[in-house]
Structures are given as structure tokens and as C-alpha cells.
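S.K.: Below is a structure I'd like to ask you about.
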Amino acid sequence: MNQLEIINKKIYTRESIQSQLNIWRFKNQKIVFSNGCFDIIHKGHIEYLAKASDLGDKLIIGLNTDRSVREIKGSSRPLQDEQARLTIIAALKFIDAVILFDEPTPYELIKAVQPDFLVKGNDYKAEDVVGYDIVKNRGGDVLTIELTPGYSTSAIIDKAISQN
């Protein structure tokens, strides 16, 4: 299998991930879930995702569709379309699966995945993370990860605009 095939094999739908989840669970592998827009990947994203990956055996990322990014971030975003963002996230070696979601929050996707660990940045309180109830009710844990100071997509965009 060539490298692009390996990357594309990590891109799932909500439905197609189910058989892979069954395999991972049969092997008693712990599933970690996080989500985001990941419009311009930067050092902060890489460190966050690497730390999330270390919390379990398999890391699944819920990725906002272009439409949902516009809803959250405004009409000028995303800068990269969802297919580009899917490929970039799937190319990271510590990511095991990427799934698009079109809703305002990943609640329904979290319900479908039923992760052992739900992870967000420490700009959230664990109990305020969308899907907290789903994960806690199945005996899982909701964790926050310290973010790398000084890195954000918005700051990168603002800097690029101000330099032009």
C-alpha cells in the first residue's frame, strides 16, 4: 500500500468507522476522541494531538465540515477546504481515524463513537465539554490537555493579514 492509500484509509464516515471500532474494542484498545476545525495546522495542534494520542491506543478526530466551520468561525473560514483538512490530519502518524461532522457540535458523533476518553484543550472545563455525559455514562473519562501558549490559527491569520 502506498502512502496516500494509508492516509486515505484513515478517513471514515460515521457509519464506516463502526466495524473498525469493533475490531479495536475486541483487542481491548482504548479509544481517544477529540475534535476541531484544524484549519491551519500549527505547532500547538501537533503537540495537542500528540498528547491526546498518548492517552490511549487509538485516536479518532472529529473534523468540522466547511459549513460548520463557517457557522462557528465566520464566512471567511475555513481557509482550507474539508478535503484538504481531512488529508492533513489523516497524514499525522499518531492519528488513527478522521471523521467529518456537519452539526454545530460533535455530540452525535461522540454518541456514535462511544470513546473511552474524550479530550479537549484546557481552555475548557472537563464537565463543560460536549459529550461529557456520554463518555462518563459509559465509564470513560473526559480530560483536558494543556495548550501550547502562543499558537492559534486566528493569531496566524491575523499576523499574515497585518504583514500585508
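S.K.: One residue is enough: does region 121-134 have a residue meeting the conditions among the aliphatic types (A, V, I, L, M), in contact (Cβ under 8 Å) with a residue 24 or more places away in the chain and over 19 Å from residue 40 (Cα atoms)? It would help to see each step written out before you state the result.
M.R.: Let us first name the residues in region 121-134 that are among the aliphatic types (A, V, I, L, M), namely 126, 129-130, 134.
Those still in the list that are in contact (Cβ under 8 Å) with a residue 24 or more places away in the chain too: 130, 134.
Imposing the further condition that a residue be over 19 Å from residue 40 (Cα atoms) reduces the set to 130, 134.
Within region 121-134, one or more residues are among the aliphatic types (A, V, I, L, M), in contact (Cβ under 8 Å) with a residue 24 or more places away in the chain and over 19 Å from residue 40 (Cα atoms).
S.K.: Would you confirm whether or not region 61-68 contains a residue that is closer than 13 Å to residue 38 by Cβ and charged (D, E, K, R)? Talk me through it step by step, then tell me what you get.
M.R.: At the first step, the residues of region 61-68 found to be closer than 13 Å to residue 38 by Cβ are 61-66, 68.
Going one step further and asking which of them are charged (D, E, K, R), we end up with 66.
Yes: one or more hits.
S.K.: For the subset of region 10-45 comprising residues that are hydroxyl-bearing (Ser, Thr, Tyr) and surrounded by fewer than 19 Cβ atoms within 10 Å (Cβ to Cβ), which member is farthest from the chain's Cα centre (by Cα)?
M.R.: Filtering region 10-45 for residues hydroxyl-bearing (Ser, Thr, Tyr) gives 12-13, 16, 19, 34.
Restricting the remaining residues to those that are surrounded by fewer than 19 Cβ atoms within 10 Å (Cβ to Cβ) gives 13, 16, 19.
On the way: 13: 14, 16: 17, 19: 19 Å.
Residue satisfying both the conditions and the ranking: 19.
S.K.: Which one of 93, 73 is surrounded by fewer than 21 Cβ atoms within 10 Å (Cβ to Cβ), closer than 22 Å to residue 47 by Cβ and under 15 Å from the mean Cα position of the chain (by Cα)? Steps first, answer last, please.
M.R.: Working: 73 fails: under 15 Å from the mean Cα position of the chain (by Cα).
Exactly one of 93, 73 is surrounded by fewer than 21 Cβ atoms within 10 Å (Cβ to Cβ), closer than 22 Å to residue 47 by Cβ and under 15 Å from the mean Cα position of the chain (by Cα), namely 93.
S.K.: When only residues in region 79-90 that are under 30 Å from residue 57 (Cβ atoms) and of a type outside the set (A, V, I, L, M) count, which is surrounded by the most Cβ atoms within 10 Å (Cβ to Cβ)?
M.R.: Within region 79-90, the first condition is being under 30 Å from residue 57 (Cβ atoms), and the residues that meet it are 80, 82-90.
The next check asks that each one be of a type outside the set (A, V, I, L, M); those that pass are 80, 82-83, 85, 87.
Numbers: 80: 18, 82: 18, 83: 11, 85: 26, 87: 16.
Looking at the filtered set, the residue picked out is 85.
S.K.: Let me ask something else. Do we have any residue at all in region 129-152 that's aliphatic (A, V, I, L, M) and surrounded by fewer than 16 Cβ atoms within 10 Å (Cβ to Cβ)?
M.R.: Taking region 129-152 as the starting set, the residues that turn out to be aliphatic (A, V, I, L, M) are 129-130, 134-135, 142-143, 145, 147.
In the following step, the residues that additionally are surrounded by fewer than 16 Cβ atoms within 10 Å (Cβ to Cβ) were identified as none.
Checked against the condition, which is being aliphatic (A, V, I, L, M) and surrounded by fewer than 16 Cβ atoms within 10 Å (Cβ to Cβ), region 129-152 yields no hits at all.
S.K.: Hey, among 118, 55, 63, 109, which residue is of a type in the set (A, V, I, L, M, F, W, C), surrounded by fewer than 19 Cβ atoms within 10 Å (Cβ to Cβ) and within 20 Å of residue 17 (Cβ to Cβ)? Lay out the reasoning, then the answer.
M.R.: Working: 118 fails: surrounded by fewer than 19 Cβ atoms within 10 Å (Cβ to Cβ); 63 fails: surrounded by fewer than 19 Cβ atoms within 10 Å (Cβ to Cβ); 109 fails: surrounded by fewer than 19 Cβ atoms within 10 Å (Cβ to Cβ).
None of the other options fit; the residue is 55.
S.K.: Can you pull out every residue in region 26-48 that is closer than 28 Å to residue 146 by Cα and in a helix (DSSP H, G or I)? Show your work before the answer.
M.R.: Step one: of region 26-48, the residues closer than 28 Å to residue 146 by Cα are 28-48.
Those that are closer than 28 Å to residue 146 by Cα and in a helix (DSSP H, G or I): 43, 44, 45, 46, 47, 48.
S.K.: Among the helices (runs of 4 or more DSSP H) contained in region 50-164, which hold 3 or more residues that are farther than 17 Å from residue 13 by Cα and modelled with pLDDT of 95 or more? First the steps, then the outcome.
M.R.: Working: elements: 66-73, 82-91, 107-113, 132-137, 153-162.
Qualifying helices (runs of 4 or more DSSP H): 132-137.
S.K.: Here are some conditions: (1) under 13 Å from the mean Cα position of the chain (by Cα); (2) in contact (Cβ under 8 Å) with a residue 24 or more places away in the chain. Residue 82 meets all but one. Which one does it not meet?
M.R.: Condition not satisfied by residue 82: (2).
S.K.: Any idea which of (1) out of contact with any Ser or Thr (no Cβ under 6 Å at 6 or more places or on another chain); (2) exposed (fewer than 15 other Cβ atoms within 10 Å of the Cβ); (3) under 30 Å from residue 3 (Cβ atoms) is the one residue 102 doesn't satisfy?
M.R.: (1)
The values are calculated or read from the model by the stated rules, or taken from the named source; none is laboratory data. Computed from a predicted model, the values in this text were never measured in an experiment. For neighbour counting, all protein chains shown are included, and Cβ atoms are generated from backbone atoms with ideal geometry for every residue, glycine included.
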